[in-house]
Amino acid sequence: MGLDVEMKTVVELAAAAPSPLIHLKGIITLIEKGVPKKEMQLMARAIRQMLAVRHRLKASTVSSFLKHALPTSSEALSRLLSFVAKVEMGEASMEVDTPSPPSSTSQSQPSYKQSVLPELESFSYLLVIIFLIDHKHLEDV
């Protein structure tokens, strides 16, 4: 009986874990707080959180994050989305049998920013580079 209860709590905890997109949006907040105050602890926490969530990232999550974090007229947004789209096409060709269910992460809100912090843009580049490395797209890196 004790095993059943223990397994149930593990499953409940896994279901209650926030999505990677929520973690990435929280990182935006950390960067926006840390830059004006010049708090390196917040910047280090942002990097640690990104590294903790990197293996759960999907192309749709990264593209949603980029659309949220960067202005729509940004050159960096169009450049980074093109790299993520290459990975997304590769993921789509791999999933022949099981189509992915529609998720709330694929529908992103448009960016509310007209300008972006250079640190946030640099973080976006770092995120895409790590994402490309994890998905074995080394020629794009």
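Residue pairs whose Cβ atoms lie under 9 Å apart, sitting 6 or more positions apart in sequence or on different chains, and linking a residue in the range 28-42 that is in a helix (DSSP H, G or I) to a partner that is among the aromatic types (Phe, Trp, Tyr) and surrounded by 14 or more Cβ atoms within 10 Å (Cβ to Cβ), are 28/65; 28/123; 31/123. All of 35, 62, 53 fail the test of being over 20 Å from residue 129 (Cα atoms), open to solvent by less than 80 Å² (accessible area, probe 1.4 Å), at pLDDT 75 or above and among the β-branched types (Val, Ile, Thr), apart from 35.
Condition check for residue 105 on (1) of a type in the set (Ser, Thr, Tyr); (2) modelled with pLDDT of 90 or more; (3) crowded, with 17+ Cβ neighbours inside 10 Å: one failure, at (2).
The single residue among 7, 43 that is of a type in the set (A, V, I, L, M), surrounded by 14 or more Cβ atoms within 10 Å (Cβ to Cβ) and at pLDDT below 90 turns out to be 43.
The values are calculated or read from the model by the stated rules, or taken from the named source; none is laboratory data. As the structure is a prediction and not an experimental result, all values here were calculated from the model. Please note: Cβ atoms are built from the backbone with ideal geometry, for glycine as well, and neighbour counts cover all protein chains shown. With ligands, DNA and RNA removed, areas are computed over all heavy atoms of the protein, side chains included. Shrake-Rupley method; radii C 1.70, N 1.55, O 1.52, S 1.80 Å.
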